[in-house]
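Readers should treat all values here as calculations from the given coordinates under stated rules, not as data from a laboratory. This is a predicted model, so every value here is computed, not measured. Neighbour counts run over all protein chains shown; Cβ positions are idealised from the backbone, glycine included.
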Amino acid sequence: MSAGCAPSLPFAYVDRAHGFRICLPAGLRRETPEDYPERSVQFTGFALPRKTNLESKWLLIVSGDYDLLKDATPFGHFKANNIAFERAKFDEGSAGHLTLHIIYSWKQGKNG
């Protein structure tokens, strides 16, 4: 259990270089993604909602430029703990396979 995280999200990922932390569910696997800037991290093993056709969900924290953001469509923004984020989406797929990327980009506010 990480201090400051809710019991339902007991694991805290801390990124000291960028000044943020995020609380995550227990039991995730932390991986180093290929083809992303150094210090990027990926978490896999999220529970999938029942009665959907989802095959996987993952969280990718990209350090640096994220190429998919260039072609993503903005669809709103939100603020959490005085930090503003813009939200965008990008879908890609072929042969009956679809991947939807939901991208949150930090825009302003205090990190940490």
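What number goes with the only condition from (1) in contact with a Lys or Arg (Cβ under 8 Å, 6 or more places away or on another chain); (2) in a loop (DSSP other than H, G, I, E, B) that His101 does not pass?
Unmet for His101, out of (1) in contact with a Lys or Arg (Cβ under 8 Å, 6 or more places away or on another chain); (2) in a loop (DSSP other than H, G, I, E, B): (2).
Find the residue count for the stretch 16-53, including only residues that are over 30 Å from Gly93 (Cβ atoms) and either over 13 Å from the mean Cα position of the chain (by Cα) or outside any strand (DSSP E or B) (or both). Spell out how you get there, then give the answer.
Here is the first cut: in the stretch 16-53, the ones over 30 Å from Gly93 (Cβ atoms) are 16-21, 23, 26.
Subsequent filtering for residues that are either over 13 Å from the mean Cα position of the chain (by Cα) or outside any strand (DSSP E or B) (or both) retains 16-19, 26.
Residues flagged as over 30 Å from Gly93 (Cβ atoms) and either over 13 Å from the mean Cα position of the chain (by Cα) or outside any strand (DSSP E or B) (or both) within the stretch 16-53 amount to 5.
Of all residues in the stretch 57-112, which are among the aliphatic types (A, V, I, L, M), in contact (Cβ under 8 Å) with a residue 12 or more places away in the chain and in contact with a strand residue (DSSP E or B) (Cβ under 8 Å, 6 or more places away or on another chain)?
Within the stretch 57-112, the subset among the aliphatic types (A, V, I, L, M) is 59-62, 68-69, 72, 80, 83-84, 88, 95, 98, 100, 102-103.
Next, only the ones that are in contact (Cβ under 8 Å) with a residue 12 or more places away in the chain stay: 59-62, 68-69, 72, 83-84, 88, 102-103.
Correct list: Leu59, Leu60, Ile61, Leu68, Leu69, Ala72, Ile83, Ala84, Ala88, Ile102, Ile103.
Could you identify the single residue in Ser56, Ser63 that is within 17 Å of the chain's Cα centre (by Cα), assigned to a loop (DSSP other than H, G, I, E, B), surrounded by 10 or more Cβ atoms within 10 Å (Cβ to Cβ) and among the small types (Gly, Ala, Ser)? Outline the logic, then answer.
On the way: Ser56 fails: surrounded by 10 or more Cβ atoms within 10 Å (Cβ to Cβ).
Ser63 is the lone residue from the list that is within 17 Å of the chain's Cα centre (by Cα), assigned to a loop (DSSP other than H, G, I, E, B), surrounded by 10 or more Cβ atoms within 10 Å (Cβ to Cβ) and among the small types (Gly, Ala, Ser).
Run Phe20 past the list (1) out of contact with any helix residue (DSSP H, G or I) (no Cβ under 8 Å at 6 or more places or on another chain); (2) free of Cβ contacts under 8 Å to residues at least 60 places away in the same chain; (3) on the phi < 0 side of the Ramachandran plot; (4) not basic (Lys, Arg) and report the number of the one that doesn't hold.
All conditions are met except number (2).
With the requirement that a residue be touching a Pro at 6+ places or on another chain (Cβ under 6 Å) and in contact (Cβ under 8 Å) with a residue 24 or more places away in the chain, what does the stretch 23-50 give you?
Ser40, the sole residue that qualifies.
Considering only the stretch 75-86, I want to know if a residue exists there that is within 19 Å of Ser40 (Cα to Cα), of a type outside the set (Asp, Glu) and surrounded by 12 or more Cβ atoms within 10 Å (Cβ to Cβ). Steps first, answer last, please.
Going residue by residue through the stretch 75-86, those that are within 19 Å of Ser40 (Cα to Cα) are 85.
If we keep only those that are of a type outside the set (Asp, Glu) as well, we get 85.
Applying the additional criterion that residues be surrounded by 12 or more Cβ atoms within 10 Å (Cβ to Cβ) yields 85.
Yes, some residue in the stretch 75-86 is within 19 Å of Ser40 (Cα to Cα), of a type outside the set (Asp, Glu) and surrounded by 12 or more Cβ atoms within 10 Å (Cβ to Cβ).
Taking Leu9 as meeting all but one of (1) under 18 Å from Ser105 (Cβ atoms); (2) surrounded by 10 or more Cβ atoms within 10 Å (Cβ to Cβ), write down the number of the exception.
Checking Leu9 against (1) under 18 Å from Ser105 (Cβ atoms); (2) surrounded by 10 or more Cβ atoms within 10 Å (Cβ to Cβ), the one that fails is (1).
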